[in-house]
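Here the structure is laid out as C-alpha cells; the discussion comes afterwards.
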Amino acid sequence: MSPFSPARPDVVDFLLTRRSHPSTTLSDPGPDEATLHRILTAAARVPDHGKLAPWRFVVYRGAARERIGQRLLEIAEAREGPLDEMRRTQELTRFTRAPVVVGVLSRAAAHPKIPVWEQELSAGAACMTLLTAASASGFGAQWLSEWCCFDETASAFLGRRDGERFAGFIHIGTPTQAPFERSRPDLDSVASVWEEG
Ligand SMILES: Cc1cc2nc3c(=O)[nH]c(=O)nc-3n(C[C@H](O)[C@H](O)[C@H](O)COP(=O)(O)O)c2cc1C
C-alpha cells in the first residue's frame, strides 16, 4: 500500500450506498455558509484538463427562491397560457422544495487544445462531486435539470450568460425520509475487459 494514496474504505462504502433524495423530501436546515463553502470547494476540485474551470456555480437561497418561482410561473404561462392550480404550485415551488439550490453552469468554449466535450464532462464531474460532498456533509441532495435548465428566458433569469449552459441544479437540504433503493445496472452489462475484436 503506497503512503501516497492511503486506502479509504469508508469512502468506498459511502459511494456504494449513497443515494439521491427527491427534492420534495428535503427540508430545513440546509447547509450554513461555511458548510456550503466547503461543499463548493470540493466541487471545484474536479479533474479539469487545462485548468480552465469550464464551469461555475450560482447559489439560490432564502427569499430569492420564491421570486424565482414567480418568474418561472410567468414564463411558463407566457408559453402555455394559464396553468391549472397544480402546475402553478409546481412552478411557484420549483426552487423552494429544498432550502439551498446550486446551479452548475458549463462555460465550455472552443480551445486550441482542450476539446469542448472534455470541458463539459468536467462540469458533470463538478455536479457529481457537489452532490457527493453535500451527502457526505449529512444532507440529502438531488441533481435535477427540469425545463428551466434548457429554456433560454428562464435560464438567463437564473444567471446563465451568453455561451453558457446549465448542467443542472443541485437541491440540498435535510432529508425528511429515507430514500427508496433504486435498481442499478448489472455490472456485467456495463463493464467488460477489452479483447481484440
Ligand atoms: C443531468 C441529470 C439531470 C437530471 N434531471 C432530472 C430531472 O429533471 N427530474 C428528475 O426527476 N430526475 C432527474 N435526474 C435524476 C435524479 O438526479 C435522480 O434522483 C437520480 O438519477 C437518482 O440517482 P442516485 O440515487 O443514484 O443518486 C437527473 C439526473 C442527471 C444526471
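Read-outs throughout are calculated quantities, based only on the coordinates presented, and are distinct from any laboratory measurement. Note that the structure is a prediction, hence the values are computed from the model and not measured. So basically every Cβ, Gly included, is an ideal-geometry build from the backbone, and we count neighbours across all protein chains shown.
Per residue of the range 31-37, in order, report the coupling 6.51 cos²θ - 1.76 cosθ + 1.60 (Karplus, θ = phi - 60°) as ³J(HN,Hα) in whole Hz, putting x for Gly and Pro.
Rounded to whole hertz, the list is x, 6, 3, 5, 5, 5, 4.
Contact order normalised by length for the chain, with contacts defined as Cα pairs under 8 Å and 6 or more residues apart; what percent is it?
About 32 percent, as a whole number.
So what is the relative contact order of the range 27-128, in percent, for Cα pairs below 8 Å that sit 6 or more residues apart?
43
Taking a virtual spin label 7 Å from the Cα of Asp32 along the C-beta vector, which residues in the range 82-113 bring their backbone nitrogen under 19 Å of it?
Zone members listed by number: 99-101.
Would you work out which of Thr153, Leu187, Thr176 lies farthest towards the positive end of the dipole of the range 138-197, given +1 charges on the beta-carbon of Lys and Arg and -1 on that of Asp and Glu, about the Cα centre?
Final value for the positive-end residue is Thr176.
For the range 148-197, run through the trypsin sites (Lys or Arg not before Pro) and keep only the ones in DSSP coil with at most 15 other Cβ atoms within 10 Å of their Cβ.
Those satisfying the criteria are Arg161, Arg182.
What residue among Asp84, Asp162, Asp186 shows peak mean-square fluctuation when the chain is described by a Gaussian network model with Cα springs under 10 Å?
Result for the chain, Cα springs under 10 Å: Asp186 fluctuates most.
How do Ser189, Ser137 rank when sorted from fewest to most other Cβ atoms within 10 Å of their own Cβ?
Ser189, Ser137
What's the longest piece of the chain with no exposed GluC sites (Glu not before Pro), counting a site as exposed if DSSP puts it in a loop and it has at most 14 other beta carbons within 10 Å?
Longest site-free region, per DSSP loop and neighbour criteria: 1-180.
Name the most mobile residue of Pro99, Pro175, Pro29, meaning the one with the largest mean-square fluctuation, in a Gaussian network model of the chain with Cα contacts below 10 Å.
Pro29
What are the extents of the Cα atoms of the range 69-197 along their three principal axes, in Å, largest first?
59, 44, 30
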